[in-house]
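Undergrad: Pasting a structure below so you can have a look.
The values are calculated or read from the model by the stated rules, or taken from the named source; none is laboratory data. None of these values were measured; they are calculated from a predicted model. Neighbour counts run over all protein chains shown; Cβ positions are idealised from the backbone, glycine included. The accessibility values were calculated without ligands, DNA or RNA, using every heavy atom of the protein model including side chains. Shrake-Rupley method; radii C 1.70, N 1.55, O 1.52, S 1.80 Å.
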Amino acid sequence: MSHDLTLTINGTRQQIALDDPRVTLLDLLRERLHLTGTKKGCDRGQCGACTVLIDGRRQNACLALALSHDGAEITTIEGLAEGDTLHPVQAAFVAEDGMQCGYCTPGQVMSAVGLIAEGRAGTDPERIREGMSGNLCRCAAYSGITRAVLAAAEEMTTTKGERKTA
Amino acid sequence: MSAWHRPASLTEAIGLLAEGGVVAAGCTDLFPATRRQALSGPVIDLTRVAEMRGISETRGGWRFGAAVRWSEVLSAALPPAFDGLKAAAREVGSVQIQNAGTLGGNLCNASPAADGVPGLLTLEAEVELAGPAGMRRLPLAAFLAGARRTALAPGEVLVAIHVPSHAAAGRGAFLKLGARRYLVISIAMVAARLVVKGGRIDRAAVAVGACGPVASRLPALEAALAGIAPEDAAAAVSEALVAPALAPIGDVRGDAEYRGVVAVELVRRALRGLAAEGMR
């Protein structure tokens, strides 16, 4: 018996038949849908490399049973840029040098997108460090990451404000 | 081929549990605890069980569905008595974990370092259990039978956590000590709740976690705090009033003696924090 699953991934609705109901969202994304931007680091919810947005909330895809999220909207790193135009968070990571080897970067970026959307971090670097604490970086690019998230948060808030007043 | 179930009602869930299987909710403890490549046996996902969802004010107090996630606790409109529970919610793993992990999972896994337990103990929480034999309620302290042990009978499930209205009074606080600031397992943690009337502590509830197989209240200290001014509370804390309730172990995170010392200091700081928040 296979299990049917519907997910909207980066805006595209997909119907997926799963043979094994125990597959994680991470393995589904990488092995089945070939969306390999989401990384497998520790595979136990400690490192955050597999962070994706599930219905707008950031979660570790390695700790999510795919079937448990039937009907959900999933955003992965592949869903952020519009064509060649990087998402403001991606652009800020480049501008602020928020990486070294880059392996944790997709998770860092997704986590930052989630953090900014939560609207609690504001522009206090300590709150950003707290909010990003679920994403480890073995190259320790933390100061660049914090700068990037701050810059992106400021830019996204300003842009939003301009749109409102325009 | 393994089966997977996602019951929508408690009756359905209890029927499935009778046949056995792996109980899943937020999965944040389940996957790390699974040594094999995949979960074994049929999986019963409880996150859609209607009776296990949501936070609500009831006639008798507050009800938290067992499948309520930590981020839901953090964003809920709750009285200041729950400030300690909220502070704990903010320190359970990372935001990614808080968006998945559930209150019920935290209690059922029964880790000595479960962040939710001290706060719920100071809120006089009771657990609502359901199984083939029907429903029953237990005080949280009776539910937690030891390290990684609960009073859940075979086929039984934790449905909700209840905080009686008399315990939803006053203001709560929570402090956790780890080896670093964030994303850390507690070396020791403290929750406190004070009810102040006419400038004096009317009722005090203080609990310490990660300093014994289960978190525990400090009845001797609570008695000593009753009747004094909140700003004098921290000075009234002594090792003699704290230590008897604790049974700390030494492990990779800290030795037993260190835990004993920091527990006393954390209690002082929690009470000092509450006094500074203008409890009169």
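Undergrad: With each pseudo-label sitting 7 Å past Cα toward Cβ, what's the residue B:261-residue A:17 distance in nm, one decimal?
TA: Going from the residue B:261 label point to the residue A:17 one covers 6.5 nm.
Undergrad: About its Cα centre, how strong a charge dipole does region B:200-280 have in debye, to the nearest 20, once Lys and Arg get +1 and Asp and Glu get -1 at the Cβ?
TA: Working: 9 positive and 10 negative charges, 44 e Å.
Charge dipole, region B:200-280, about its Cα centre: 220 debye, nearest 20.
Undergrad: I need the peptides B:17-24, A:116-123 ranked by packing, meaning the mean over residues of other C-beta atoms within 10 angstrom, with the highest value on top. Walk me through the intermediate numbers first.
TA: Details: B:17-24: 16.5, A:116-123: 14.9.
Going by the mean number of other Cβ atoms within 10 Å, highest first, we get B:17-24, A:116-123.
Undergrad: Under 8 Å for C-alpha pairs, at least 6 residues apart: give me the relative contact order for region A:3-79, rounded to a whole percent.
TA: 38 percent
Undergrad: Classify region B:120-180 from the C-alpha gyration tensor, please: rounded if a/c falls under 1.5, else prolate or oblate depending on whether a/b exceeds b/c. Don't jump to the answer; show the numbers that get you there.
TA: Numbers: a/c = 3.15, a/b = 1.43, b/c = 2.20.
Judged from the Cα gyration tensor, region B:120-180 comes out oblate (a/c at least 1.5, b/c at or above a/b).
Undergrad: Also, quick follow-up: For region B:50-166, build the charge dipole from Cβ charges (+1 Lys, Arg; -1 Asp, Glu) around the Cα centre, then report which of B:135, B:117, B:98 sits farthest towards its positive end.
TA: Working it through, the farthest residue towards the positive pole turns out to be B:135.
Undergrad: Further question on the same structure: So, with +1 on the Cβ of K and R and -1 on the Cβ of D and E, and no other charges, what is the size of the charge dipole of region B:1-140 about its Cα centre, to the nearest 20 debye? Could the numbers behind the result be given before it?
TA: Numbers: 12 positive and 13 negative charges, 40 e Å.
Computed charge dipole of region B:1-140: roughly 200 debye.
Undergrad: Give the aspartates and glutamates whose C-alpha is closer than 18 Å to that of residue B:176, dropping any in the same chain fewer than 8 places away, or say none.
TA: Straight-distance partners of residue B:176: A:126, A:130, B:83, B:91, B:115, B:251, B:255, B:257, B:265.
Undergrad: Remind me, relative contact order of chain A in percent, using alpha carbon pairs under 8 angstrom and six or more residues apart?
TA: Working: 280 pairs, mean separation 37.0, N = 166.
Relative CO of chain A lands at 22 percent.
Undergrad: Give the ranking of B:197, A:39 by solvent-accessible surface, highest area first, calculated with a 1.4 Å probe. All intermediate terms of the calculation are to be shown ahead of the outcome.
TA: Numbers: B:197 130, A:39 50 Å².
Reading off the accessible areas and sorting them downward yields B:197, A:39.
Undergrad: Moving on. Run the quick spin-label model on residue B:165 and residue A:97: label points 7 Å from Cα toward the beta carbon, then report their separation in nm to one decimal.
TA: The modelled label-to-label distance comes out at 6.1 nm.
Undergrad: A further question on this structure: So which aspartates and glutamates can residue A:40 reach, going by Cα to Cα under 12 Å and dropping same-chain residues fewer than 8 places off?
TA: Straight-line reach from residue A:40, under 12 Å: A:27, A:31.
Undergrad: A further question follows. In a Gaussian network model over chain B where Cα atoms closer than 10 Å are linked, find which of B:200, B:53, B:136 has the largest mean-square fluctuation.
TA: Comparing B:200, B:53, B:136 in a Gaussian network model of chain B, the most mobile one is B:136.
Undergrad: If you don't mind, there's one more thing I want to ask. Between rounded, prolate and oblate, where does chain A land on the alpha carbon gyration tensor, with a ≥ b ≥ c its root eigenvalues, rounded for a/c under 1.5, else prolate if a/b exceeds b/c? Write out the running numbers ahead of the final one.
TA: Working: a/c = 2.12, a/b = 1.55, b/c = 1.37.
Cα axes put chain A in the prolate bin.
Undergrad: To the nearest 20 debye, what is the magnitude of the charge dipole of the protein assembly as shown about its Cα centre, counting +1 on the Cβ of each Lys and Arg and -1 on the Cβ of each Asp and Glu?
TA: Details: 46 positive and 45 negative charges, 142 e Å.
Here the protein assembly as shown has a charge dipole of around 680 debye.
Undergrad: Here is a further query. Given the DSSP H assignment, sum -39500 (n - 2.57) over each helix run of at least 4 residues in chain A and divide by its residue total; what's the result at 222 nm in deg cm²/dmol, nearest 500?
TA: Numbers: 4 runs with 53 residues, N = 166.
Mean residue ellipticity at 222 nm (helix-derived): -10000 deg cm²/dmol.
Undergrad: Continuing with this model, one more query. With a/c under 1.5 counting as rounded, go ahead and sort the protein assembly as shown into rounded, prolate or oblate using the C-alpha gyration tensor (a ≥ b ≥ c being the square roots of the eigenvalues; past the cut-off, prolate if a/b is larger than b/c, else oblate).
TA: oblate
Undergrad: Return the average number of partner chain Cβ atoms within 10 angstrom of each residue Cβ along peptide B:24-32. Could the numbers behind the result be given before it?
TA: Details: counts 4, 1, 5, 9, 6, 2, 2, 9, 7.
Taking the mean over all residues of the peptide, I get 5.
Undergrad: Run the numbers on chain B and let me know its relative contact order in percent, using alpha-carbon pairs under 8 Å that are six or more apart. Walk me through the numbers on the way to the answer.
TA: Working: 649 pairs, mean separation 44.8, N = 280.
The value is 16 percent.
Undergrad: Can you give the extra length, in nm with one decimal, that the chain gains between residue B:35 and residue B:11 once fully stretched, where that is 0.36 nm per residue apart less the Cα-Cα distance? Numbers along the way, then the final one.
TA: Working: separation 24, 0.36 × 24 = 8.64 nm, distance 3.09 nm.
Fully extending the segment from residue B:35 to residue B:11 adds 5.6 nm.
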